[in-house]
Amino acid sequence: MADLGFMFIGLFLPLFPFSMVFNAVLARTSQPLLRWVLLLAWPQIGLWTLSAHAGAIPSWLVIWALATSLLYAFRLLAMREMGRWTGFLATSAWALLWLPSYAGLPASQLWSFAAGFSVPLVFLTLLAQELERQYGAAYTGLYGGLARRIPRFAGVLVISVLAATATPLFPTFFAMLHSLIVSQPLPAVGLAGIWLIWSWAAARLLQGLIVGPAEPRPELDLGIGTTWGYAAGLVGLLVAGLILSGSRL
Amino acid sequence: MNIVHQLVIILPSLPLVSALLTHLLGGTLGRRVSRISVAGGVASFLVAAILLGLVLSGREVSHVAAGTSWGSLLFDPLSVLMGLLIAGISLLVRVYSVRYMAEEAGYGRFFVLLDLMTAALLIMVAAGDLITLLIAWHLIGVLLYFLLGQDTRSKSAYRYSFWTFITYRFGDLPLVLAAAVLFHTFHTWSLPEIFAAVAADPDTTTFFDLPVYEVVGALIAMSAFARSAQFLLHTWLPYTMDGPTPVSALMHAGIVNAGGFLINRFAPVFAYTDNVLHWVFIVGVFTAVIGSVLMLSQHDIKKSLGYSTMGQMGFMIMECGVGAFSLAIFHLIAHGLFKGTLFLSAGGIIGEARHDDGVPKDDLYTFIIERRPARNRQPWLLMAGITLAIPVLVLLLSHLLVAPNLFQKQGAIILLFFGWVTGAQLLFATYNMRSENPWRLVALIVFSFTIVVIGYTLISHAFDVFLYPDPDFGTRLYKAAGIDFGWFVILVVFASAVIVLGWLRAYYTERSQGGRSPSHWWRNFYVLVWREFHILDIYTGLTRSLLAASARVNVWLRWG
């Protein structure tokens, strides 16, 4: 019975194949607000259910979570559509929340880890929608040259992708570092490998979008105000990362 | 907070402030914005020089902590020396870039990235805890990726900067794992506390009863190998020439040396290892030889320079492998200055080559057209004797001057051996030079070699005293790098025999004016070297297979 409970939680703290539910729902959700809510609330539901669950997490579940995370990280490499890319990265990152949960980290810390993973993904969703609006599709490798065409947008995109893939000093970096420290040796090596694949996927995504010649057609870059809004959000994330790491590592 | 601690904090803060101002004022100042970066560079260099002066004047080593678990900086000889090198090279690169990058798009962004890179490097060398070190180590890879991809139109620049990025990320992970092992063992992130605990209990074990220092040493060495382009993790270095020249200079003169720095920073851990330094030595020697062979076989001068750096990095890692840690620092500084000069003067050399191709004329041309006498050859056996004997005499005498107990350290003997090989190679090259008065040329070269060796010996001895003043610690490092004496003698004799036979064959071949044409086997070997052992092809094939597999999985699981 306890194991069935974990299967249910596996819908929200993704465990393959239950993880497919989240990605299917995200792919079919076109309402921007609903997508943000999904990205922010989905792992929190999982953590809340987990904290309410009485049983101890079995060790085989950690391996399953790690394998799920690895699978979605691997799938990121060839995923060109930015919306689904965001969903895969979310799945890969949230599955890793099982590791600190297994190690017995306090719930408040797990919630902050989940939020740290979700917020940059919300930024990426917003940016993907902007690309869809301008080009009809948010595909890496399809048009490229955004660094020359719309430099402010490209700058925000680069930093958001870095924030989402656990680059210092963003909260995701400290969440990964903390998860690694509390893990057993072999899961720690697996986690490090997943981290490496995220970096690879991030570079592939960015190269397909920002690199290339600028075509002579009028395009609308982000407004100054919007850019400052994104910058404030990203700086807020940085500060959150510093505060969380300073008090908990 | 005393003045030293304030300066330690100010040093990495200056480029950070400069980056922020450059970004904010870029729109207003236009191209003049580079002045902010240069001014920041001058200020950083002055602060670094003052800090070095304070260390030399006998100020105590100290630790500047922020009161949290991370964010601390060290004030010690290693951090201050490396800080001065980084601030100096970074300043030169910035001054050079003011005009060099003037026609490029993203001028302001370039200087922001350069400032951020300088700050990350300065934080890395002064990091007083593992988290600060990890953050700086990781950020250097990210910033280098964008610096090498400064030209956002160039897909090839990004393709090759990606190779650098992914190799650096690969190298980050062993360091993260090493940090985790150290934290598990000692329950602190602070480097001074960890090093004190290491010295207090050298037999600590970790999970699965593994000796903690062997595990940590091996992980740190792996991280250093990736950063310093050791064999199999080297492919990024010769191909990252599509980036701007100032970035190449910074990379080859500073960033790539980080492996040698990292091993030195963890010297208190390596001093208690048993086998790790032997592997470090083997990897270093192999890289030095392969890098030099690949350098000689390349037709592209940029790739050739890249492989030259790879060979030098191999030599630097090898010095760590024999226990000569301070010598590795001296080497990386000397190489940094030399290679930085080479890259920054590349434009001038290309300009000169447009007027004079520099291809040497053959004997017939110089004799008939230029009316110069044909070169005078000395007997090959006599020259071979001089080539083998003189360098070893010069090296022995100069080393005995500073360290009479030299032969008690295996590492020192190996370094002498390499010095002998280098000196003999220099004299061998003299034999092939065209000169009307070869004895004068030989005398000049022997004199220069003696000056260089004495200078090198004295400076390296000074570095040893400066970086590792405790003689017992130095002895412990050499001991950790030592092997069984019998095996040591066999290896040295074997290597000497191979090299001497090689030279004798080369002398003989030169004397007989080339003789037979190369064998089929030799040609195949040359093609293999020219194709860089197909390592790149293997990596490319592997990458494509993984991407194809990822795409297939996405098709199978297309629902979510």
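Comparing the range A:38-96 with the 2.2 N^0.38 Å rule of thumb, its C-alpha radius of gyration ratio is 1.26 (two decimals). Coupling constants for the range A:97-108 follow from the phi torsions by the Karplus curve (6.51 cos²θ - 1.76 cosθ + 1.60, θ = phi - 60°), and in residue order they are 5, 5, 5, x, 5, 4, 6, x, 5, x, 4, 4 Hz; glycine and proline get x. Counting charges near B:SER304 (Lys, Arg +1; Asp, Glu -1) among other residues having Cβ under 14 Å from its Cβ returns a value of +1. Against the longest principal axis of chain A, how steep is helix A:171-182, in degrees 0 to 90 to the nearest 10, with axes from Cα atoms? Orientation of helix A:171-182: about 30 degrees from the principal axis. Going by neighbour counts of Cβ atoms within 10 Å, the residues A:MET82, A:MET20 line up, fewest first, as A:MET20, A:MET82. Computed over chain B, the P(r) tail beyond 29 angstrom holds 59 percent of alpha carbon pairs.
Among the lysines of the protein assembly as shown, pairs that are 8 or more positions apart or on different chains and have alpha carbons within less than 19 Å of each other number 5. In chain B, excluding the sites themselves, the longest stretch lacking any of the GluC sites (Glu not before Pro) that are in a DSSP loop with at most 16 other Cβ atoms within 10 Å is B:105-369.
Overall shape of the range A:87-192 was characterised from the C-alpha gyration tensor. The equivalent ellipsoid obtained from it has semi-axes of 31, 13, 12 Å, in decreasing order. By the Cα gyration tensor, the range B:1-128 has an equivalent ellipsoid whose semi-axes, rounded to whole angstrom, run 29, 15, 11 from largest to smallest. When the range A:2-248 is described by a simple charge dipole with +1 on each Lys and Arg Cβ and -1 on each Asp and Glu Cβ, the residue from A:LEU157, A:VAL37, A:PHE16 located farthest towards its positive end is A:LEU157. Averaged over the residues of peptide A:158-169, the number of Cβ atoms from other protein chains lying within 10 Å of each residue's Cβ is 2.
Values of log10 I(q)/I(0) for the protein assembly as shown across q = 0.05, 0.11 Å⁻¹ run -0.30, -1.33, by the Debye formula with one identical scatterer at each alpha carbon and no solvent. Its convex hull of Cα atoms gives chain A a direction-averaged projected area, equal to a quarter of the hull surface, of 12.6 nm².
The angle separating the long axis of helix B:410-432 from the principal Cα axis of greatest extent in chain B is about 50 degrees. Its alpha carbons give the range A:159-214 an Rg and a Dmax of 13.5, 48 Å. Mean per-residue shielding of peptide B:104-117 is 1, counting Cβ atoms of other chains within 10 Å of each Cβ. When the charge dipole of the protein assembly as shown is built from unit charges on Cβ atoms (+1 for Lys and Arg, -1 for Asp and Glu) and taken about the Cα centre, the candidate among B:LEU116, A:LEU206, B:ILE451 whose Cα reaches farthest toward its positive end is A:LEU206.
For chain B, what relative contact order do you get, as a whole percent, if you take Cα pairs closer than 8 Å and at least 6 residues apart? In percent, rounded to a whole number, it is 11. Where the centroid of each part is defined by its Cα atoms, how far is the range B:417-492 from the range B:309-361 in Å? Going from one Cα centre to the other spans 17 Å. Sorted ascending by nearby beta carbons within 10 Å, beginning with the fewest, A:ARG204, B:ARG99 become B:ARG99, A:ARG204. What number in nm² do you get for the range B:145-359 if you take the convex hull of its Cα atoms and divide its surface by four? Averaged projected hull area, Cα only: 13.0 nm². With coordinates expressed along the principal axes, the C-alpha atoms belonging to the range B:219-322 extend over 43, 26, 17 Å, beginning with the largest. For B:HIS5, B:HIS355, the sequence from fewest to most other C-beta atoms within 10 Å is B:HIS355, B:HIS5.
Put a plus charge on the Cβ of each Lys and Arg, a minus charge on the Cβ of each Asp and Glu, and nothing anywhere else: the dipole of chain B about its Cα centre is then about 1780 debye. Think of each Lys and Arg Cβ as +1 and each Asp and Glu Cβ as -1; about the Cα centre, that makes the dipole of the protein assembly as shown roughly 2020 debye. Of interest is the spacing of the C-alpha centroids, which for the range B:206-242 and the range A:138-185 amounts to 25 Å. Size of the range A:9-112 from its Cα atoms: along the principal axes, largest to smallest, the extents are 37, 28, 20 Å.
FYI, it's all coordinate maths here, none of it is from the lab. Nothing here was measured: the structure is a model prediction, and the numbers come from that model. Backbone-built Cβ (ideal geometry, glycine too); neighbour counts: all protein chains shown.
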